[in-house]
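To start, the structure itself, in structure tokens.
The values are calculated or read from the model by the stated rules, or taken from the named source; none is laboratory data. All values derive from a computational prediction rather than experimental measurement. Virtual Cβ from ideal backbone geometry, glycine too; neighbours counted across all protein chains shown.
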């Protein structure tokens, strides 16, 4: 994948997320108004509200992971609030252990790595994101991991023996994005732990 293709993928990601976030926000506002007037209550309303909240969190996450980057850094509160919203709809606990604002392109790498870890945790687990000496680490741990050997073995190079599926796109984008930033991805896996550093 060339830089042009990466940029095109980022622009497409940004456009899709931009176009979807407004109607989801409008639905959320509509639900809040219905709740205020007491028009609809019960488990149906909770299901709709939870689903809309989950969709909004995923789109905001995807906007960073798949969208175009800028020089604007993302502060700790902004990132942790987004990850808390994302946590509510999944089985994975996420700990963002960085205290300072981080350039958006580095957050993008961390989010792509997070998605790689998440894919190995169908039963849930915990993901830690840390930084030391200008290198970021994303580490996933769980009692039971489901590691696709072909994906994880070739993640550092980005050259995969089999065709990447839509559910695996983060594995292709992570090394390409890291290379475009002048970074390399290092990978370690065990039966209960996956670790990515860049």
Requested in this report: State whether one or more residues within segment 43-59 are at pLDDT 75 or above, in contact with a helix residue (DSSP H, G or I) (Cβ under 6 Å, 6 or more places away or on another chain) and under 17 Å from residue 104 (Cβ atoms).
Outcome: yes
Query - Leading residue by the ranking (farthest from residue 182 (Cα to Cα)) among those in segment 109-125 that are surrounded by fewer than 21 Cβ atoms within 10 Å (Cβ to Cβ) and over 14 Å from the mean Cα position of the chain (by Cα) - result: 123
Requested in this report: From the list 86, 31, 20, pick out the single residue that is in a helix (DSSP H, G or I) and either under 22 Å from residue 124 (Cα atoms) or assigned by TED's automatic domain parsing to the domain that holds residue 118 (or both).
Outcome: 86
Requested in this report: Scan segment 167-174 and give yes if some residue there is in the same structural domain as residue 110 (by TED's automatic domain parsing), over 14 Å from residue 111 (Cα atoms) and either surrounded by fewer than 18 Cβ atoms within 10 Å (Cβ to Cβ) or at pLDDT below 90 (or both), otherwise no.
Outcome: yes
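Name the residues in segment 96-108 that are under 30 Å from residue 49 (Cα atoms) and either within 11 Å of the chain's Cα centre (by Cα) or surrounded by 13 or more Cβ atoms within 10 Å (Cβ to Cβ) (or both), would you? Please lay out each step first, then the result.
Keep residues of segment 96-108 that are under 30 Å from residue 49 (Cα atoms), which gives 96-97, 104, 107-108.
Passing the criteria: 96, 104, 107, 108.
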Query raised in the report: When residues of segment 1-24 are filtered for being in contact with a helix residue (DSSP H, G or I) (Cβ under 7 Å, 6 or more places away or on another chain) and either within 16 Å of residue 51 (Cα to Cα) or at pLDDT 75 or above (or both), how many remain?
Result: 3
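Scanning for something free of Cβ contacts under 8 Å to residues at least 24 places away in the same chain and either over 18 Å from the mean Cα position of the chain (by Cα) or not assigned by TED's automatic domain parsing to the domain that holds residue 110 (or both), does segment 65-73 turn up at least one residue? Talk me through it step by step, then tell me what you get.
Start the filter on segment 65-73 by keeping residues that are free of Cβ contacts under 8 Å to residues at least 24 places away in the same chain, which leaves none.
Checked against the condition, which is being free of Cβ contacts under 8 Å to residues at least 24 places away in the same chain and either over 18 Å from the mean Cα position of the chain (by Cα) or not assigned by TED's automatic domain parsing to the domain that holds residue 110 (or both), segment 65-73 yields no hits at all.
Could you tell me whether segment 139-150 includes any residue that is buried (at least 18 other Cβ atoms within 10 Å of the Cβ), closer than 24 Å to residue 60 by Cα and assigned by TED's automatic domain parsing to the domain that holds residue 194?
Within segment 139-150, the subset buried (at least 18 other Cβ atoms within 10 Å of the Cβ) is 139-140, 142, 145.
Add one more test, that the residue is closer than 24 Å to residue 60 by Cα, and what stays is 139-140.
From what is left, the residues that are assigned by TED's automatic domain parsing to the domain that holds residue 194 are 139-140.
Yes, because at least one residue in segment 139-150 is buried (at least 18 other Cβ atoms within 10 Å of the Cβ), closer than 24 Å to residue 60 by Cα and assigned by TED's automatic domain parsing to the domain that holds residue 194.
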